[in-house]
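FYI, it's all coordinate maths here, none of it is from the lab. This structure is a prediction, so every number in the text was calculated from the model and none was measured. No Cβ is skipped: glycine too gets one built from the backbone with ideal geometry, and neighbour counts run over all protein chains shown.
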Amino acid sequence: MRLTSESIVAKLPTLTQVADVHATFDLVVEQLETAHACMRCMDGCSQCCHQLPQVPLCDWQVVLDYMHTHWTREQRCALVARTQRQARKGGVWAQLASIRTGGQTLEDLWQRLTDVQTHAQPACPLLRDGRCTVYPARPSTCRAYGRTQFSNGEPFWCGIIERQVDDALAAGSAAPSAPRLEPFMLRARQLSTPDQAAVAPIPLLILKHALPDGDLAPQALPFDDDDYLHFPIDLEAIQRVNFQGTRTASR
């Protein structure tokens, strides 16, 4: 029997691992793509990997587990070295690394991040040869980006998906119903520790977890006020979302 998005969301409280929450979200997205081919990402597309998604520390722990299980130490050290070199060159990553959270309001920090994001951005350090090197363990933000995120109650899609949907609607296809990421984010946050209640861009997470020997720390480290740019997770805002059902995009 095919599970509906609502029935899958209803099973979230039974999940006990963040990685299982990610896999369950993938199932919902797979159903979306099966029902609406226009919602499939193009093979080989890495456009969203040139953004600066905010990644929860609980998701970053899944990425760390993957890299310490499937990567060699040399590969992890190479990732750290590439990221540090890019940050030293100036530009976006250097600007990000110079921002400290202490003594600033959330509004100020968001404005500074917005200012940085207006400039051309290098690709995510986890992207190599156009492919994500941690794809099976990629963060929830990356899984949802451009297709299953909402802004001010409206679907927030990447330009490529928007054009594909427009073409499908013009050809007489039904409007797709986009599942919401928030209930999965909430369950992942419920499974994480109190000191993982923060999100930060991937380059800063790599810089923060770089060890003196050049490797990556195996455990996600909590942020403090004088640390790299990061933001608290607003659980109350997530909980205010109506999880049951999906929002049908209309155009």
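Take the Cβ-Cβ distance between ASP213 and GLU162 as r, set R0 to 51 Å, and report the resulting FRET efficiency rounded to the nearest 0.05.
Details: r = 45 Å, r/R0 = 0.89.
Once the sixth-power term is evaluated, E becomes 0.65.
In a GNM of the chain with a 10 Å cut-off on Cα contacts, which of ALA174, ALA210, ALA188 has the highest mean-square fluctuation?
Residue with maximal mean-square fluctuation among ALA174, ALA210, ALA188: ALA174.
Restricting to DSSP H runs of at least four residues, report the calculated mean residue ellipticity at 222 nm for the chain, -39500 (n - 2.57) per run over all residues, nearest 500 deg cm²/dmol. Intermediate values should be presented prior to the final figure.
Numbers: 11 runs with 112 residues, N = 251.
It comes out at -13000 deg cm²/dmol, rounded to the nearest 500.
Quick one: helix 18-35 against the long Cα principal axis of the chain, what's the angle to the nearest 10°, folded into 0 to 90?
The two axes meet at around 40 degrees.
Work out how much length LEU106 to HIS50 would gain on full extension: take 0.36 nm times their residue separation and subtract the Cα-Cα distance, in nm to one decimal.
Extra length available between LEU106 and HIS50 comes to 17.8 nm.
Of [x] 43, 38, 38; [y] 56, 40, 38; [z] 114, 53, 51, which is the value of Cα extents along the principal axes in Å derived from the coordinates here?
The value matching this structure is [y].
Of ASP43, ASP115, ASP224, which has the largest mean-square fluctuation in a 10 Å C-alpha GNM of the chain?
ASP43
Among SER173, SER140, SER46, which one shows the highest mean-square fluctuation when the chain is modelled as a Gaussian network with alpha-carbon springs under 10 Å?
Of SER173, SER140, SER46, the Gaussian network model singles out SER173 as fluctuating most.
Please work out the C-alpha center-to-center distance from the stretch 43-101 to the stretch 167-232 and express it in whole Å.
12 Å
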